[in-house]
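Q: Pasting in a structure now, in structure tokens, and then I'll have a few things to ask.
The values are calculated or read from the model by the stated rules, or taken from the named source; none is laboratory data. Predicted model, so just to flag it, every value in this text is computed and none were measured. Here the Cβ positions follow ideal geometry from the backbone for every residue, glycine too, while neighbour counts run over all protein chains shown. Please note that ligands, DNA and RNA were not included when accessible areas were found on the heavy atoms of the full protein model with its side chains. Shrake-Rupley method; radii C 1.70, N 1.55, O 1.52, S 1.80 Å.
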Amino acid sequence: KDSRILSVGDIVTEDRMEMLRELNLLETNRFDYTFALGILGILLMLSAVAVLYMRFFCQDIFRSTNDLILLSAIIILTLLLSRIAYVYSAIAIPIFLAPILISILLDLRLAVVVNLLLTLAVSLITKGDMRFMLMAVITGTLAAFIVNGANQRSKLSAAGLLLALINILVIICIGIIYKSSVRSIATYSLIVAVNGVGSVILAVGMLPFLESTFNIITPLKLLELANPNQPLMKRLLMEAPGTYHHSLMVGKLAEVS
């Protein structure tokens, strides 16, 4: 591992050529159908696991076409961003976007399961990068729990800082295990910190669009609807103040119970 096979100007001998073939490092004009078939098979099996989980444990989501389309859109978006980010670094992949959005918009348990399945799927892109897999499993799972039930966007912002801190701790632990240099640990820590904060910022920016497009009411959306500056709330306060205050009291009682 990490050894040089060829350098610029080296003569390509038959044994080195064979090594390049075995490592699948030779670029040809032919499309590798067997490689693509293997990837497709893995993705289909991972999809089957997600479907079976929803069939038995998230039946409301499984029976809702709207929720299934939303879930598919989040997964596809995460995979596309993963492919783009991997060009720069495996640990720059915003894998946390999916568990954050799914936990807020759909279901916490589903967010944890999808995060694990997406980690396995994206690991095919990263060629099993250990830093990415550990970070995705640990921080991605914690992200689903941290943002679940968040009723203020400021709490989501704080969650971004917490995810950045967790990412840094994971990278430091991995660096200690592999005896990496302090400079490389610091560089990786900076990348994963930006990744954690950026994933939350991206999720917060996408929430209003997803809420309105898929007609999903989240705690954040309820707070916006309860804003006294809303035209309907103003009209209710002016024309039916008794009903307005009674509704507030009933809502407080329901929240306590």
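Q: Taking the condition part of a helix (DSSP H, G or I), under 28 Å from D129 (Cα atoms) and at pLDDT below 90, does A144 pass?
A: Here the answer is no, as A144 does not meet what is asked.
Q: Residues of the range 147-161 being crowded, with 17+ Cβ neighbours inside 10 Å and in a helix (DSSP H, G or I), which ones?
A: Matches in the range 147-161: V147, L156, A159, G160.
Q: Filter the range 86-101 down to residues that are open to solvent by 10 Å² or more (accessible area, probe 1.4 Å) and touching a residue at least 60 places away in the same chain (Cβ under 8 Å) and give me whichever is farthest from N167 (Cα to Cα).
A: S89
Q: In the range 168-193, how many residues are assigned to a helix (DSSP H, G or I) and without any contact (Cβ under 8 Å) to a residue 60 or more places away in the chain?
A: 18
Q: Give the number of residues within the range 224-257 that are at pLDDT 80 or above, under 29 Å from L207 (Cα atoms) and β-branched (V, I, T).
A: Total meeting the criteria: 1.
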